[in-house]
1. Mean residue ellipticity at 222 nm from the helices of the chain, using -39,500 (n - 2.57) per DSSP H segment of n ≥ 4 over the full residue count, to the nearest 500 deg cm²/dmol?
2. Using only the Cα atoms of the stretch 232-324, build the gyration tensor, take square roots of its eigenvalues as a ≥ b ≥ c, and label the shape rounded, prolate or oblate: rounded if a/c is under 1.5, else prolate if a/b is larger than b/c, else oblate.
3. Setting aside same-chain residues fewer than 8 positions from Lys186, which aspartates and glutamates have a Cα under 17 Å from its Cα?
4. With point charges of +1 on the Cβ of Lys and Arg and -1 on the Cβ of Asp and Glu, referenced to the Cα centre of the chain, which listed residue (Ala233, His182, Ser132) lies farthest in the positive direction of the dipole?
5. Considering just Cα atoms, how many Å³ per residue does the convex hull of the chain enclose?
6. Which whole-number percent is the relative contact order of the chain (Cα, under 8 Å, 6+ apart)?
7. Specify the angular offset, from 0 to 90 degrees and rounded to the nearest 10, of the alpha carbon long axis of helix 164-176 from the longest principal axis of the alpha carbons in the chain.
8. Using R₀ = 30 Å, calculate the FRET efficiency as 1/(1 + (r/R₀)^6) where r is the Cβ-Cβ separation of Ala264 and Glu228; round to 0.05.
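Just so it is clear, none of the values below were taken in a lab; they were calculated from the coordinates. Just so you know, these numbers come straight off a predicted model, no measurement behind them. No Cβ is skipped: glycine too gets one built from the backbone with ideal geometry, and neighbour counts run over all protein chains shown.
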Amino acid sequence: MMRTITKGIAALAVAGVLSCAGAARAEYPEKPLHIVVPYTTGGVSDAVTRLIARRLSDEVGQPIVIENQGGANGQIGSSTVARSAPDGYTFVVVVMAHAINPSLYKRMAYDPLRDLRGISLFGRIPMLLVSSGKLPPRSLAEFIAWARANPDRATFASSGAGSGAQLTAEKFAQENGLRITHVPYKGVAPAMGDLLSGQVAAIFDSVQTMMPQVKAGKLRALAITSAERWPAAPEVPTMEEAGVPGFALGSWIGMLAPSGVPDALAARMSTAVQRVLDQPDLRAQLIEYGVDPVGGKPEEFDRFIASEAQRWAKVIAEAGIRLE
């Protein structure tokens, strides 16, 4: 009898512990969340994160604190989050650089694919190829012909060495038999002056950044890397329409957490993000920012990042790019 009673008490105790754990998980999150943006304020990743975070705060019922930790192509902020407690309260928002950094840098303070796990792919960011209005080409076909005939002038600007803009330009050159010269700048703003004057020939960058100058007649939009024409730039042909098939690629943006975050908490945040991304007015705003909303499950984002790392590793190796 005593043994039976003891077993019963033990069972009740275990049930109580499990019940409390379940209640704690059901109440998550119980305090403010912290999102690190590993880039400076004012860029697309910062603006998109803040736009989504405002809605996400309402969805989870907690304030969200956003902190910018720029530097080293996103490594500084990402490293901070990779080393943080895996309790589901600290996240980082990354872009394409997250997947390509392991191929660019010989040494990193963390392993992007091992030390961080997916929460949600916010969206894909197609790249707009624009050329200077000071140069002769008026279409993509004309630009390719011009670049082949003028390899010394076929210069591509980017917001920095190892950026998505540089790698997209390198892949474009590889697939079209071009010899190009990459000209890195410290951000898009300083590159813009040389683009407008014709000192550099072209750039791959976001719709939001480039379309105002295109509409002003100072730059020429040659093509966009999305699979279909972009709603905010319907007059710009896709790469396929312009004569370069199979070039539907570009950057992307999404949220990660430390790798030790439990599956249940990752799924909770992923579901909350999906609900936010499904809001029609927010989707319209993101498209205006040049972002195609996606969402999806944590494991889907992990697989996507792994595939991106593999894809761009080949481009980096062929172009011989290495950063320290």
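1. Roughly -14500 deg cm²/dmol at 222 nm, from the helical runs in the chain.
2. Oblate, because a/c is 1.5 or more while a/b does not exceed b/c.
3. Within the straight-line limit of under 17 Å, Lys186 reaches these aspartates and glutamates: Asp46, Asp194, Asp205, Glu324.
4. Selected residue: His182.
5. So the per-residue Cα hull volume is 141 Å³.
6. 26 percent
7. Tilt of helix 164-176: around 50 degrees.
8. After rounding to 0.05, the efficiency reads 0.25.
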